[in-house]
Amino acid sequence: MFRVAMAKHVRLSLVLLGFAIPLSTTAQEPKEKDGRTYELDGLKVQLSQPRLVHRSKGFLWFPSMYHLCGERLFVVASTYADEARKVTPGVVLFSQNAGMTWSKPIENSYGEMAIPRPDGSTLLLCYYLQLQSPDRATGPAFRIPKEKEQVEPLKEEVEVTGWPRKIGPLDADLGNPKAEWKLASFVFNGQSVQTKDGKTHLATLYGRFAGTKRFSLVLAESPDGLKWKIRSVIADETCKLAGNEGPCESALVRLKDGRLFCVFRLDSAVDYGHCFSDDDGKTWSEPKNLKGTHSVQPSLSVSEKGMLLLTGGRPGLFLWLNAKGDAQRWDKIDLAKHHNEWVKEEPIHKAIAGFDSNTSAYTEVRWLDERRFVVVYDRLGNGWNAIPADSKATNSLWVVQGWIK
């Protein structure tokens, strides 16, 4: 699947190089003069100057980020062209101090669905699955041990069953994958939450049911993060909201009132869609647009008191804040403008032909505690194309730390 067109690319079982990296320096509280203060819905929100995570002459984009505990974070990013491949390389980087500094990259197979385990470790699921039958898909998973900066391949596979309708192979128009790869038409994507009783993991997948030409978004359940069963359809190809792609890339959180809140992409340069569930994801409200927010893969994070953060863009790159935690009013900060104020030699340009010329506009936002949060995004040295060997340009990942004053 092409991210430019509607989705992300193939990510299968390249074995991770699991080795330990020395821990980073201790956390530092951001200084008041480090950045700029914005007023949103009666709150003062300070954003730090952008901090470099990693840069490369090769592809480096589509970052995801996860909060492990305390000051500990890890970022996963893709390191190959936006095209279908059987082997899909990426990197993982760790921070022990809330994003101030980052470890050296660990080469890995890209995946973006993280599942916390009772022993303190974290599962990282594959993105693409392999089709085994019209009702079964499987794929690799990896483990980040508790309090270690390493990634280990698991012997056990991820398995997804219980599909309400037949699934098929990845369509040729989504990157023209080879038939022998047996890539499934649905992928893991977005964020996981637990059921109210804490006994079951919930995660989103999107793709096309057999015989359809528009995406559908589903919710899966699992007791252990490996064996998954489809729990419900959040929104399918019959969704009435505008967008040629249909419900696809998504973010999922639990609101302070107990409802599940899902935000999803419908197409580039159109408003996000959203749904609510008040029965732990068994049924969902009718999809509606989330006015004033857009467009490619959203990221959501909810604080302990319920304040919501949403990031995304294309065109542009934005942070939206919902102070009441009711998903109604959203105030925004222009992250691209903020980046350009501080990183003048590597600006994020205005949109060209509907797309940002030098950012994928894929982001991740995570609360650290009731006051502090971190946002990660990419900056592309040559847009969607490879950087020429004789160019001084690089692709780069950046984080901005934020805190409520």
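The values are calculated or read from the model by the stated rules, or taken from the named source; none is laboratory data. All figures in this text were calculated on a predicted structure; none of them were measured in a lab. Using ideal geometry, Cβ is built from the backbone for each residue, glycine included, and neighbour counts are taken over all protein chains shown.
Out of the residues in region 177-236 that are aliphatic (A, V, I, L, M) and over 21 Å from the mean Cα position of the chain (by Cα), which is modelled with the lowest pLDDT? Let's see the steps before the verdict.
Filtering region 177-236 down to residues aliphatic (A, V, I, L, M) leaves 179, 183-184, 187, 193, 202-203, 205, 210, 217-220, 226, 230, 233-235.
Now restrict to residues that are over 21 Å from the mean Cα position of the chain (by Cα): 179, 210.
Working: 179: 77, 210: 94.
Among them, the one singled out is 179.
Which numbered condition in (1) at pLDDT below 95; (2) of a type in the set (Phe, Trp, Tyr); (3) touching a Leu at 6+ places or on another chain (Cβ under 7 Å) is the only one that residue 61 fails?
Residue 61 satisfies all of (1) at pLDDT below 95; (2) of a type in the set (Phe, Trp, Tyr); (3) touching a Leu at 6+ places or on another chain (Cβ under 7 Å) except (1).
What are the pairs with Cβ atoms under 7 angstrom where one residue, in region 255-282, is closer than 14 Å to residue 196 by Cβ and the other, located anywhere, is of a type in the set (S, T, N, Q) and assigned to a loop (DSSP other than H, G, I, E, B)? Sequence gap at least six, or different chains.
What qualifies is 277/283; 280/195.
When you go through (1) closer than 27 Å to residue 62 by Cβ; (2) modelled with pLDDT of 95 or more; (3) touching an Asp or Glu at 6+ places or on another chain (Cβ under 9 Å) one by one for residue 309, which number turns out not to apply?
Status for residue 309: all satisfied but (3).
Need the failing condition index for residue 252 against (1) assigned to a strand (DSSP E or B); (2) free of Cβ contacts under 8 Å to residues at least 24 places away in the same chain, just the number.
The failed condition is (2).
Kindly indicate which of 379, 372, 366 is more than 13 Å from residue 307 (Cα to Cα) and modelled with pLDDT of 95 or more. Write out each step before concluding.
Working: 372 fails: more than 13 Å from residue 307 (Cα to Cα); 366 fails: more than 13 Å from residue 307 (Cα to Cα).
Going through 379, 372, 366 in turn, the sole match is 379.
How about region 186-219: which of its residues are surrounded by fewer than 24 Cβ atoms within 10 Å (Cβ to Cβ) and of a type in the set (Gly, Ala, Ser)?
192, 198, 210, 211, listed by residue number.
Tally up the residues in region 260-294 that are surrounded by fewer than 19 Cβ atoms within 10 Å (Cβ to Cβ) and either closer than 23 Å to residue 114 by Cβ or of a type in the set (Phe, Trp, Tyr) (or both), please.
Qualifying residue count for the region: 1.
Quick test for you: out of 273, 258, pick the one residue that is among the small types (Gly, Ala, Ser) and on the phi > 0 side of the Ramachandran plot. It would help to see each step written out before you state the result.
Numbers: 273 fails: on the phi > 0 side of the Ramachandran plot.
Answer to the selection: 258.
With the requirement that a residue be touching a residue at least 12 places away in the same chain (Cβ under 8 Å), under 27 Å from residue 302 (Cα atoms) and either in a loop (DSSP other than H, G, I, E, B) or touching a helix residue (DSSP H, G or I) at 6+ places or on another chain (Cβ under 8 Å) (or both), what does region 320-347 give you?
Looking only at region 320-347, we keep the residues that are touching a residue at least 12 places away in the same chain (Cβ under 8 Å), and these are 320-327, 329-336, 338-339, 341-343, 346.
With the extra rule that they be under 27 Å from residue 302 (Cα atoms), the set shrinks to 320-327, 329-336, 338-339.
Of everything in region 320-347, those that are touching a residue at least 12 places away in the same chain (Cβ under 8 Å), under 27 Å from residue 302 (Cα atoms) and either in a loop (DSSP other than H, G, I, E, B) or touching a helix residue (DSSP H, G or I) at 6+ places or on another chain (Cβ under 8 Å) (or both) turn out to be 323, 324, 325, 326, 327, 329, 330.
Restricting to region 85-114, what's the tally of residues that are under 26 Å from residue 252 (Cα atoms) and buried (at least 20 other Cβ atoms within 10 Å of the Cβ)? Quick ask: steps written out before the conclusion?
Of region 85-114, the ones under 26 Å from residue 252 (Cα atoms) are 88-99, 108-114.
Add one more test, that the residue is buried (at least 20 other Cβ atoms within 10 Å of the Cβ), and what stays is 88, 90-96, 98-99, 108-114.
Of the residues in that region, 17 qualify.
When you go through (1) surrounded by 16 or more Cβ atoms within 10 Å (Cβ to Cβ); (2) out of contact with any Gly (no Cβ under 8 Å at 6 or more places or on another chain); (3) at negative phi one by one for residue 142, which number turns out not to apply?
(2)
Given the options 317, 368, name the one that is surrounded by fewer than 24 Cβ atoms within 10 Å (Cβ to Cβ), under 25 Å from residue 43 (Cβ atoms) and in contact (Cβ under 8 Å) with a residue 24 or more places away in the chain. Steps first, please.
Numbers: 317 fails: surrounded by fewer than 24 Cβ atoms within 10 Å (Cβ to Cβ).
Testing whether each residue is surrounded by fewer than 24 Cβ atoms within 10 Å (Cβ to Cβ), under 25 Å from residue 43 (Cβ atoms) and in contact (Cβ under 8 Å) with a residue 24 or more places away in the chain leaves just 368.
Just checking, which of 306, 313 is more than 28 Å from residue 222 (Cβ to Cβ) and of a type outside the set (Ser, Thr, Tyr)?
Details: 306 fails: more than 28 Å from residue 222 (Cβ to Cβ).
None of the others qualify; the one that does is 313.
Could you please find all residues in region 244-256 being within 20 Å of the chain's Cα centre (by Cα) and of a type outside the set (A, V, I, L, M)? Spell out the reasoning first.
Residues of region 244-256 that are within 20 Å of the chain's Cα centre (by Cα), as a first pass: 245-255.
Listed by number, the residues that qualify are 245, 246, 247, 248, 249, 250, 254.
Which of the strands (runs of 3 or more DSSP E) found entirely inside region 270-315 contain at least 3 residues meeting this: touching a Pro at 6+ places or on another chain (Cβ under 9 Å) and under 18 Å from residue 255 (Cα atoms)? Even if it seems obvious, please write down each step before you answer.
Details: elements: 271-277, 288-294, 299-302, 308-313.
Of the strands (runs of 3 or more DSSP E) lying wholly inside region 270-315, those with at least 3 residues that are touching a Pro at 6+ places or on another chain (Cβ under 9 Å) and under 18 Å from residue 255 (Cα atoms) span 271-277.
Take residue 241 and decide whether it is in contact with a Pro (Cβ under 9 Å, 6 or more places away or on another chain), assigned to a loop (DSSP other than H, G, I, E, B) and buried (at least 24 other Cβ atoms within 10 Å of the Cβ). Spell out how you get there, then give the answer.
On the way: in contact with a Pro (Cβ under 9 Å, 6 or more places away or on another chain): yes; assigned to a loop (DSSP other than H, G, I, E, B): yes; buried (at least 24 other Cβ atoms within 10 Å of the Cβ): no.
Judged against the criteria, residue 241 is not a match.
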